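The values are calculated or read from the model by the stated rules, or taken from the named source; none is laboratory data. These numbers were taken from a predicted model, which means no experiment stands behind them. Backbone-built Cβ (ideal geometry, glycine too); neighbour counts: all protein chains shown. Note: areas computed on protein heavy atoms with side chains; ligands, DNA, RNA excluded. Shrake-Rupley method; radii C 1.70, N 1.55, O 1.52, S 1.80 Å.
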Amino acid sequence: MGGMWTLAWPGRPAPVVRHRPGRAWWTLARARRAHRRALRLGNAGRRDLAVLAAAEAVRLFEAAGAPRELAAARLTVGDLRFQLGEHAAAVAAFSGAGDAGLLPLGNCLRVLGRFAEAEFALAAAPARPATRNALGVLCRETGRYDEAARHYAAALADPALHGVVHHNLAGLAHARGRPEDALIAALTALVWHARERGCGSPEVAADAAVLGAIQLGLGRLDDAAASLGRARDIWQRRYGPDHHETRLCRRGLAAVEHARRVAATWPG
């Protein structure tokens, strides 16, 4: 007998085998949606909800085995926690973000007063102008003013950092007892940030707060009240009346009122 016959139907397409996506694929898709939602909520100022979405993204990226996106989600959690003033929680998030988390980790540790740990983290961070700026802040806060100035000079190599570096130069000049230099640097930072970030941005609020403190030290009380009031209003709109930056501005305004009362009772 001959071989078996095979029937062929010309023009009939070959069957398509469809593979159902695996569990990991669905988990990864859900993680990405959660991360995008966290970023949208954060940009809209709804940081409490954004933190929850970002934490969900972290959990899902861990389950999906996506290390690069997991690190990005942890950075988002850390940034949101830092903005909310939850610095210890931010440290935990940044610590799990690998090399990308070293710079914000160093900044957060510095805010907590853990200067040796902060310097260790910043020394291990990529050698970029932003890292030099952060090292400058650390050196200023630990009394190493000349070293801080060198770091700031190096950070000015990045034009995108001119606003923040001038803000920090204002703080350095103030610490050195050079209020006029501090005033010029703070005004430069405020103008730069207003143009680049917008008049209601957190950067402008920070510049206005520093400017108000400098003006208070110079006895320019009306200017100080205007600057500190501007900073308070921006912080309060973004984060509410109980945020630590809002409270700092209120204390500054109280100091202005005290100075006014003292000046009113001064002879002559």
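Looking only at region 228-246, which residues are touching a Phe, Trp or Tyr at 6+ places or on another chain (Cβ under 7 Å) and surrounded by fewer than 17 Cβ atoms within 10 Å (Cβ to Cβ)?
Matches in region 228-246: 243 only.
Quick grid of which residues meet (1) open to solvent by less than 40 Å² (accessible area, probe 1.4 Å); (2) within 27 Å of residue 177 (Cα to Cα); (3) outside any helix (DSSP H, G or I):
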residue	(1), (2), (3)
219	no, yes, yes
226	no, yes, no
248	no, yes, no
256	yes, yes, no
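Please count how many residues of region 132-170 are of a type in the set (Gly, Ala, Ser) and either surrounded by fewer than 21 Cβ atoms within 10 Å (Cβ to Cβ) or without any contact (Cβ under 8 Å) to a residue 12 or more places away in the chain (or both).
Of the residues in that region, 6 qualify.
For region 195-208, what are the residues that are of a type in the set (A, V, I, L, M, F, W, C) and either in a loop (DSSP other than H, G, I, E, B) or over 17 Å from the mean Cα position of the chain (by Cα) (or both)?
Answer for region 195-208, where residues must be of a type in the set (A, V, I, L, M, F, W, C) and either in a loop (DSSP other than H, G, I, E, B) or over 17 Å from the mean Cα position of the chain (by Cα) (or both): 199, 208.
Could you check region 42-157 for helices (runs of 4 or more DSSP H) lying wholly inside it with 3 or more residues that are closer than 28 Å to residue 201 by Cβ and within 15 Å of the chain's Cα centre (by Cα)?
47-64, 67-83, 87-95, 102-111, 129-141
Please indicate, with yes or no, whether at least one residue in region 108-116 is open to solvent by 60 Å² or more (accessible area, probe 1.4 Å), touching a His at 6+ places or on another chain (Cβ under 9 Å), modelled with pLDDT of 95 or more and of a type in the set (Lys, Arg).
no
For (1) at pLDDT below 50; (2) under 20 Å from residue 68 (Cα atoms); (3) in contact with a Lys or Arg (Cβ under 9 Å, 6 or more places away or on another chain), each residue gets a yes or a no:
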residue	(1), (2), (3)
6	yes, no, no
9	yes, no, no
13	yes, no, no
18	yes, no, no
32	no, yes, no
38	no, yes, no
45	no, no, yes
